[in-house]
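Data block below; observations after.
The values are calculated or read from the model by the stated rules, or taken from the named source; none is laboratory data. Note that the structure is a prediction, hence the values are computed from the model and not measured. All Cβ positions, glycine included, derive from the backbone under ideal geometry; neighbour counts span all protein chains shown.
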Amino acid sequence: MKGKLEPSERQKLIEEGKSIKEGLVTLEEDLLKLTDELQKEAQCIPNMAHPDVPIGGEDCSTLRKMVGSPREFSFPLKDHLQLGKDLDLFDFDAAAEVSGSKFYYLKNEAVMLEMGLINWTVSEVMRRGFTPLTTPEIVRSSVVEKCGFQPRGTNTQVYSIEGSDQCLIGTAEVPVGGIHMDSILAESSLPLK
């Protein structure tokens, strides 16, 4: 506005501005409450398995399709446990002492094989336009919740850091999911890789 306002008009606009500001504070508080309620309700929606998935352990699994037939060998076959022990590639016994059963230490050429496979895979996905990421191991609880985990409560799957709003991640999906959280992406930037 150009020119001076009458004092009464000016006062009227000041009061209107204050009223709008107070109304905005109330609306923001309401939005925060509704967002929290929506998040709590969304966490009650179960993550259902597909109806065709068999119920039970590996013994309940079904073969959907077999391509080719098993090869025949002229020598006795060894499973990965025996091969690994014979070639000194991993140590299940020491890992069981340290971490419990079904854990292992990779050793020697097995370490080099794993690192080579990782390096090859990362190179391949980069060649195809993907961006490699190393993620933080700690994220805010809100990020964990928005990814579908429930970091607080008695049956939690998440390790919360006491006295903070942060949690340890169990999978890189959580911090990767948080990268563009609450953002609107331009369609022209999609797909993100």
message: Suppose we filter region 158-192 for residues that are free of Cβ contacts under 8 Å to residues at least 24 places away in the same chain and in contact with a Phe, Trp or Tyr (Cβ under 6 Å, 6 or more places away or on another chain); how many remain?
response: 1
- prompt: Considering region 1-45 alone, what residues qualify as being more than 30 Å from F149 (Cβ to Cβ) and small (G, A, S)?
  reply: G3, S8, G17, S19, G23
Unique residue being surrounded by 11 or more Cβ atoms within 10 Å (Cβ to Cβ) and within 27 Å of L38 (Cα to Cα) when the list is I184, I179: I179
field: region 99-119, subset exposed (fewer than 10 other Cβ atoms within 10 Å of the Cβ) and not charged (D, E, K, R), residue modelled with the highest pLDDT
entry: G100
- request: Collect the residues in region 126-148 that are surrounded by 12 or more Cβ atoms within 10 Å (Cβ to Cβ) and without any contact (Cβ under 8 Å) to a residue 24 or more places away in the chain, keeping them in residue-number order.
  value: M126, S142
message: Tell me yes or no: at least one residue of region 52-59 is aliphatic (A, V, I, L, M) and surrounded by 10 or more Cβ atoms within 10 Å (Cβ to Cβ).
response: yes
message: Residues that are of a type in the set (G, A, S) and over 29 Å from the mean Cα position of the chain (by Cα): does region 100-109 have at least one?
response: no
- prompt: Taking the condition free of Cβ contacts under 8 Å to residues at least 60 places away in the same chain and under 30 Å from F149 (Cα atoms), does D79 pass?
  reply: no
- prompt: Is it true that some residue in region 88-98 is surrounded by 10 or more Cβ atoms within 10 Å (Cβ to Cβ), more than 26 Å from S142 (Cβ to Cβ) and in contact with an Asp or Glu (Cβ under 7 Å, 6 or more places away or on another chain)?
  reply: yes
